Amino acid sequence: HWNWPSDSRKTIDVEVYTNCGAAELFLNGKSLGEKPVEDRLQPVLRWDVPNEPGVVRVIGKRDGAEAARFELATAGTADHLELVPDRSTLRADGADLANVEIRVVDASGRRVHGAANPIEVRASGAGELAAVDSGDVRDISPVQAGRRNAYEGRVLAIVRAGTAAGGIVVRASAPGLKPAELTVVVR
């Protein structure tokens, strides 16, 4: 992520791992230099990047031509929830599962990494909510509770198919944010 508003450092150490021969790093459109990969067994390149909001972009190069591109942009304030399933169809066997990532995002759809909003999840229809969790090892609340505080702007909901065909409607809400909903098909 590129969200450092409360970090007092003047520069942030950025590491780029690449299988390209070289990479060039940019901050807000300004080049911070191109560096060659000198050791294929240690393909990490490092830059000290000014701590300013905006867009950090890296362009991987092979023989001087662009071969890859990646960028990170500073997120704005939390605006809404976004649901991203790992699967859109489940078997109607009473055991098939889908993981639904719930993201706290800004108005442009960028994940807000510092968000810790309390998120409530519900599932209805042709299945059920099996668990809700986050990557926060300090949070020991039961995964069956149907609610969890976001950790680094995310929560994971797991839904289980029933034995009848139809759809599982997954809804997520959080105070002050626009809610989200999706349907996982059960066949």
| query | If we keep just the residues of the stretch 135-160 that are open to solvent by less than 50 Å² (accessible area, probe 1.4 Å) and part of a strand (DSSP E or B), which is nearest to ARG111 (Cα to Cα)? | reply | VAL155
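Tell me which residues, restricted to the stretch 161-172, are over 14 Å from ALA115 (Cβ atoms) and part of a strand (DSSP E or B).
Taking the stretch 161-172 first, the residues over 14 Å from ALA115 (Cβ atoms) are 161-171.
Result: ALA161, GLY166, GLY167, ILE168, VAL169, VAL170, ARG171.
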| note | Within the stretch 104-134, residues in contact with a Lys or Arg (Cβ under 6 Å, 6 or more places away or on another chain), open to solvent by 70 Å² or more (accessible area, probe 1.4 Å) and among the basic types (Lys, Arg) come out as ARG122
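Would you confirm, using the coordinates I've provided, whether ALA95 is more than 19 Å from the chain's Cα centre (by Cα) and modelled with pLDDT under 95?
When the stated conditions are applied, ALA95 does not pass them.
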| query | Wholly within the stretch 19-73, which strands (runs of 3 or more DSSP E) include no fewer than the required count, namely at least 2 residues that are within 23 Å of GLY109 (Cβ to Cβ)? | reply | 22-27, 55-62, 65-73
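The values are calculated or read from the model by the stated rules, or taken from the named source; none is laboratory data. Keep in mind that what you see is a predicted model, and the values were worked out from it rather than measured. Every residue, glycine among them, receives a Cβ derived from its backbone with ideal geometry; neighbour counts consider all protein chains shown. With ligands, DNA and RNA removed, areas are computed over all heavy atoms of the protein, side chains included. Shrake-Rupley method; radii C 1.70, N 1.55, O 1.52, S 1.80 Å.
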